[in-house]
Amino acid sequence: MADLLVFGSGGQVGSHLMRLAAEGALHVEGPARPDADLDRPETIAAAIAASKAPVVVNAAAWTDVPGAERDEAAAIRANAEAPAVMAQACARASKVLIHISTDFVFDGEKTTPYVESDPVAPLNAYGRGKAAGERAVLETYGRALVVRTSWVFSAQGRNFVTAIRAAGDRPRLDVVEDEIGLPTPADDLAGFLLEAALALRDVPAGDPRFGLLHAPGGGAPVSRAEFARMILTSVGSSAEVVPVTAASRNDPVRRPANAVLHDGRLQRLWGRSLPDWRLGLARTLAELEEWGQ
Ligand SMILES: NC(=O)c1ccc[n+]([C@@H]2O[C@H](COP(=O)([O-])OP(=O)(O)OC[C@H]3O[C@@H](n4cnc5c(N)ncnc54)[C@H](OP(=O)(O)O)[C@@H]3O)[C@@H](O)[C@H]2O)c1
């Protein structure tokens, strides 16, 4: 019998979840996109109904943030309507649902880290879709855990770490200094999701561990510019990081200036934070070096 059904098994978080679960000798199903397509919710419902796994993890999402501005309806379909269908299907089949959300549900105006009870006020289309998705999941089903995280990176795929590293041969890079957040290594987040899946599989609704939870990388917050400097220094690049303001970039996507999620609830309910993200950064850069990328 399968232990886990994972949507988005090829993504940054999903692929680490598949790997960690396999290392733990767990049986994981990770259906390919045609069999679990967020654009065709009936495939999602069918995949859940067909699975014997007691826990479903949704690591799939429309993650193209600028693209969401151009096609908000499609982003909402993937990030809000499909998760709602997941929650309904999990309720019918009595499976736990673990769904991932984002710091982009906030407007970034707060001057201290965001806690779970802070009101959402997304600044962009991606954030609006994700906010609608987490609300739909939580309103639909009591055995759901929605895990908000931020600034996810890994050695695979395109993310801030791989993008800055790839640009390290340029003489200078303009990087935003007035956005701060907690970077999150995808493998550390996957480790927590696996722990949660195993702990919650037989737990009834009403347990305080269901609901909303912030799980950002552990350690100290950092600005985008400082994060870029750390990456470049680690790979021996002499590129100069020129700090610029977000407003100066004419980016059509507005992003929260303060993306820092507070993980106090994670500490209280699960007895831990995620590991310091700087350890994950060193591990990720070493992997990229090893793979010759
Ligand atoms: N990346 C970040 O900085 C960040 C920050 C905060 C929260 N999050 C959240 O964390 C979660 C995981 O993000 P990630 O960075 O691992 O994402 P990712 O690497 O972009 O992976 C997304 C996954 O979703 C799948 N997917 C996309 N559209 C789909 C569709 N229409 N039908 C089925 N599958 C589809 C992709 O499949 P293919 O492999 O076929 O493309 C991929 O496996 C998401 O919920 C995201 O919103 C991410």
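Annotations for the structure displayed:
- Residue that is surrounded by the fewest Cβ atoms within 10 Å (Cβ to Cβ), among those in segment 66-109 that are near the ligand (Cβ under 8 Å from one of its atoms) and under 17 Å from GLN12 (Cβ atoms): ALA78
- Residue count for segment 274-287, restricted to those that are buried (at least 18 other Cβ atoms within 10 Å of the Cβ) and either over 19 Å from the mean Cα position of the chain (by Cα) or over 14 Å from MET230 (Cβ atoms) (or both): 2.
- Taken over segment 43-65, the criterion of being part of a helix (DSSP H, G or I), touching a residue at least 40 places away in the same chain (Cβ under 8 Å) and within 13 Å of the ligand (Cβ to nearest atom) is satisfied by ILE44, ALA47, VAL65.
- Top-ranked residue in segment 86-114 [being closer than 15 Å to PRO256 by Cα and part of a loop (DSSP other than H, G, I, E, B); ranked as nearest to the chain's Cα centre (by Cα)]: PHE106
- The number of residues in segment 137-173 that are under 20 Å from ARG224 (Cβ atoms), in contact with a helix residue (DSSP H, G or I) (Cβ under 6 Å, 6 or more places away or on another chain) and of a type in the set (Ser, Thr, Tyr) comes to 3.
- Positions within segment 17-42 being within 8 Å of the ligand (Cβ to nearest atom) and within 17 Å of the chain's Cα centre (by Cα), in sequence order: LEU38
- Count of segment 152-174 residues which are touching an Asp or Glu at 6+ places or on another chain (Cβ under 9 Å) and under 21 Å from ASN250 (Cα atoms): 2
- Inter-residue pairs, beta-carbon under 7 Å, first over 12 Å from ASN124 (Cβ atoms) and in segment 67-78, second charged (D, E, K, R), 6+ apart: ARG77/ASP39; ALA78/ASP39
- In this structure, ARG135 does not qualify as assigned to a helix (DSSP H, G or I) and either more than 24 Å from ALA89 (Cα to Cα) or of a type in the set (Ser, Thr, Tyr) (or both).
- Restricting GLY14, GLY8 to those that are buried (at least 16 other Cβ atoms within 10 Å of the Cβ), within 15 Å of the ligand (Cβ to nearest atom), under 18 Å from ARG77 (Cα atoms) and not hydrophobic (A, V, I, L, M, F, W, C) reduces the list to GLY8.
Just so you know, all these numbers are worked out from the coordinates, no wet-lab data involved. Treat the numbers as computed from the prediction; the structure is a model and nothing was measured. Because the Cβ atoms are built from the backbone with ideal geometry, glycine has one as well, and the counts that use them run over all protein chains shown.
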